[in-house]
Amino acid sequence: MHPAIRRVEWDSAAFWRDCYEITTVDESALREAAATPGHYAVKVDPLADKSALQRHGFYYVDTLLEPHCRRGDFAGHRDAKASCTHNEALDALLAICHGAFEHGRFHRDFNLPRAGADLRYDNWLRQVHAAGDAWGLRYEGQLAGFIAVMQNRLVLHAMAVPFRGRGLAKYLWTAVCDALFAQGHAELCSSISAANIAVIRLYQSLGFRLRHPVDVYHRWTT
């Protein structure tokens with residue numbers, strides 16, 4: 001297989017098909033992807049020439065943005081009723097996680113089954129929870145959501161349905177960000193879809209800025 005094409009075991013397990021990431025937009029790699037069965041993903045600069053992707057049957061699915069914030073720029077919103085914890089049961093967090101990521105590129109790809117997309121995020125939460133890096137979010141003592149963390153990156157987060165739309169996320173995110181900065185991290189970052197306006201506004205309200213946009217293209221070769 002072309003050196004710019006690598007198999008993504010995590011995605012392959014969730015979707016029960018061979019899934020690959022193309023690390024460099026190379027004409028020969030794109031040609032091989034168009035001829036070899038599997039699901040392919042490639043991330044490119046938004047201003048890059050997309051003509052080669054179009055020629056080889058790739059289609060746009062999402063634009064990803066990276067919110068980032070240094071400790072001195074963090075504008076937390078603190079509420080004594082908001083807290084975070086590490087000791088939440090996995091099943092309780094999975095109940096919030098399952099089906100919560102409709103903005104994600106895997107849910108938006110019409111060639112992928114929604115059940116597989118849900119499973120992908122569920123499996124990701126299982127992995128981070130097993131490592132002890134899944135923070136439960138509580139408001140007035142009730143489980144309101146979670147944030148899964150990998151070092152200084154907030155990689156996966158969701159709010160439980162009864163707590164959405166109430167303006168509580170900024171307090172809950174603050175609790176986790178305060179805890180992460182207290183661990184010694186100089187900067188926190190995340191990755192979100194440009195279509196997820198509510199979460200973009202949440203991060204901006206906390207002092208995060210946006211950088212490193214990338215367009216994501218997929219191809220499903222049968």
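Table for the structure above
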{"quantity": "Full-stretch length increase - M150, A195 - with 0.36 nm per residue and alpha-carbon distance subtracted", "calculated": "13.9 nm"}
{"quantity": "For the range 162-188 versus the range 88-161, the gap between their alpha-carbon centres in whole angstrom", "calculated": "15"}
{"quantity": "Angle between the chain longest axis and helix 114-130 axis [Cα atoms, degrees, rounded to 10]", "calculated": "50"}
{"quantity": "D_trans [Stokes-Einstein, Kirkwood Rh over alpha-carbon pairs] for the range 58-133, 10 °C, 1.306 mPa s, µm² s⁻¹", "calculated": "104"}
{"quantity": "Gained length - R114 relative to A182, 0.36 nm times residue gap less alpha-carbon distance", "calculated": "20.7 nm"}
{"quantity": "Gyration tensor verdict on the range 171-222 (Cα atoms; rounded if a/c is under 1.5, prolate if a/b is larger than b/c, oblate otherwise)", "calculated": "prolate"}
{"quantity": "Range of Cα positions in the chain per principal axis (Å), largest first", "calculated": "57, 35, 30"}
{"quantity": "Karplus-derived 3J(HN,Hα), 6.51/-1.76/1.60, for each residue of the range 195-209, Hz, glycine and proline x", "calculated": "7, 8, 4, 4, 6, 4, 5, 4, 4, 5, 5, 9, x, 6, 10"}
{"quantity": "Cα→Cβ-extended label distance, 7 Å offset, between M1 and D91, nm", "calculated": "3.7"}
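Read-outs: derived from the displayed coordinates by stated rules, not from any lab. Since this is a predicted model, take the numbers as computed values, not measurements. Please note: Cβ atoms are built from the backbone with ideal geometry, for glycine as well, and neighbour counts cover all protein chains shown.
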